[in-house]
Amino acid sequence: MDTIIVKADLSNEWYVPEIWEKNMSDAGRVIREGGLVAFPTETVYGLGGNALDKKAAAKIYKAKGRPSDNPLIVHISRISQAENIAVNISNDARRLMDEFWPGPLTIILDKTDIVPKETTGGLDTVALRMPNHPVALKLIEEAGVPIAAPSANLSGKPSPTTAGHVAEDMMGRINMIVDGGPVGIGIESTIIDMSGADPIILRPGFVTVEMLKKVIGPVKVDKVVDAKSIEEMGEDYKPKAPGMKYRHYAPKAELIMYEGSVENVAAAINKKLEEALKNGKKAAVICTDETASLYKNGCIRSIGTRAEQETIAYNLYHLLREFDDMEVDCIYGETFYGTGLGQAIMNRLIKAAGYHLEQV
Ligand code: TXA
Ligand code: MG
């Protein structure tokens, strides 16, 4: 299949409104006709198809190489569209929509019959999200149908934050890539399950636990979110978001994370760097602006500044893909535990490391 790439970056000073409109209308038609279009959202790039068409859902799983029991998120462009897709919408769920949509929050609700089980991985619930990105919203409007979209990476790889990343994984596999420039947030949406008696966070993201509590009061957190090891979670534990348990978002190289004081972490990583050098291995470090000077040799990369966790989220997947391009053999990373966005950052990094975390 030929993959067409169209430009739709509104922040580019050269963009021509008529061309943008035409590109978006073409992309909407591809979705309506059952094809696949990758598009930017405020979190990461998505791989979109008609959420109400089971054949389109099957194509998405195939293009990503994703197991078909791992459900897709359904994207809408207006809050009112939730009524066609979900039932039993509680007042708290409505409050969350009003407060955070459009934005990086996905809400799990009971699904209506128009949503095929192929889209929801066989579940009776559906994940719903209204993204905060003009290209995504326009695409959904032009398509005239809700759009099912997982992140536009091959299954297991880091999520794409630029159209270039999407092209690396998806050329020849999908019909179109809409290049809307780099995304703003860099990690996927927060997922909250509002289909049961108690709200439960299934995946942490830019909308933090603290922010959710302010709107709806107490929320639970699935143990997969903060687990530091498979043992801690339980070997047989089945998280409610099927995609959350195992190695994910992973770079090609082995990734090991280190938790401890700044000095201990730097000492442990420097030791590993020396070993790697001796063994002729190409090693890399994930550090921060504050700590970069502590490391001696290897590909030392700052992921951002600890003073602004948003910068760390923004660079996370980009950096993991950069390590792939540099063909490093091993990566040693600092940890970013703490409140707020730290939870989402560590959730992704621990999974990228396949739970390889060393206490030092
Ligand atoms: O920011 C995002 O959410 C991005 C952009 C493209 O919107 N999308 C995204 O989709 O991250 P994906 O497919 O990579 O991750 C969706 C996660 C999976 O872990 C899946 O298991 C979970 O959502 N999920 C989807 N539907 C669910 C449901 N009905 N119940 C529980 N978990 C669900
Ligand atoms: Mg994903």
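Please treat every number below as a calculation from the coordinates, not as lab data. Everything quoted here is computed from the prediction, not taken from an experiment. We place every Cβ from the backbone using ideal geometry, glycine too, and count neighbours over all the protein chains shown.
Running a GNM on the chain with Cα contacts under 10 Å, which residue among Ala250, Ala27, Ala267 ends up with the highest mean-square fluctuation? Taking springs between Cα atoms under 10 Å, the residue moving most is Ala267. The P(r) of the stretch 166-308 has a tail past 24 Å containing 55 percent of all C-alpha pairs. Ratio of Rg to Rh for the stretch 319-360: 1.00 [Cα atoms; Kirkwood radius as inverse mean 1/r over pairs].
Looking at the stretch 1-113, the pairs of alpha carbons with a distance over 20 Å make up 52% of the total. Computed over the chain, the per-residue total of -39500 (n - 2.57) for DSSP H runs of n ≥ 4 gives a 222 nm mean residue ellipticity of -10000 deg cm²/dmol, rounded to 500. Its Cα gyration tensor gives the chain an equivalent ellipsoid. The semi-axes, each the square root of 5 times an eigenvalue, are 34, 24, 18 Å from largest down.
A cut-off under 9 angstrom between Cβ atoms defines the neighbours of Lys117, and their net charge, with Lys, Arg +1 and Asp, Glu -1, is 0. Computed from the alpha carbon positions, the gyration tensor of the stretch 269-360 leads to an equivalent ellipsoid with semi-axes of 22, 14, 13 Å, biggest first. In plain terms, if you count all Cα to Cα distances in the stretch 78-235 and split them into 5 Å steps from zero, the share in each step is 1, 8, 15, 19, 20, 17, 12, 5, 1, 0 percent.
Taking every alpha-carbon pair under 8 Å whose residues sit at least 6 apart, the chain reaches a relative contact order of 19 percent.
Overall, the chain carries a charge dipole of about 620 debye about its Cα centre when +1 sits on the Cβ of Lys and Arg and -1 on the Cβ of Asp and Glu, all other atoms neutral. A cut-off of 5 Å between modelled amide H atoms, ignoring neighbours fewer than 5 places along the same chain, links Ile5 with Ile177.
Here the stretch 272-360 is assigned +1 on the Cβ of each Lys and Arg and -1 on the Cβ of each Asp and Glu. Its dipole about the Cα centre then comes out at about 180 debye. Summed over all non-identical Cα pairs, the Kirkwood treatment of the stretch 23-80 gives a radius of 12.1 Å. Averaging Cα coordinates gives a centre for the stretch 233-266 and one for the stretch 18-70; these two points are 29 Å apart.
Sequence-ordered 3J(HN,Hα) estimates for the stretch 153-165 from the Karplus curve with 6.51, -1.76 and 1.60 and θ = phi - 60° stand at 10, 5, 3, x, 8, x, 5, x, 10, 9, 5, x, 4 Hz, glycine and proline given as x.
Among Thr120, Thr339, Thr288, the largest mean-square fluctuation in a Gaussian network model of the chain (Cα springs under 10 Å) belongs to Thr339.
Converting phi to 3J(HN,Hα) with the Karplus coefficients 6.51, -1.76 and 1.60 and the offset θ = phi - 60°, the stretch 179-188 yields 8, x, x, x, 6, x, 9, x, 10, 5 Hz in sequence order, with x at every glycine or proline. In a DSSP loop and with at most 10 other Cβ atoms within 10 Å, the GluC sites (Glu not before Pro) in the stretch 260-359 are Glu327.
Working from Cα pairs under 8 Å separated by at least six residues, relative contact order for the stretch 143-300 is 15 percent. Place +1 on the Cβ of every Lys and Arg and -1 on the Cβ of every Asp and Glu in the chain, take the dipole about the Cα centre, and give the residue among Thr288, Ile350, Val115 whose Cα lies farthest towards its positive end. Working it through, the farthest residue towards the positive pole turns out to be Val115. Of the candidates Ala58, Ala148, Ala127, which one comes out as most mobile in a Gaussian network treatment of the chain with C-alpha springs shorter than 10 Å? Maximum fluctuation in the GNM of the chain, among the listed residues, is at Ala58.
Positive end of the dipole of the chain (Cβ unit charges, origin at the Cα centre): among Ala267, Asn70, Gln81, the Cα lying farthest that way belongs to Asn70.
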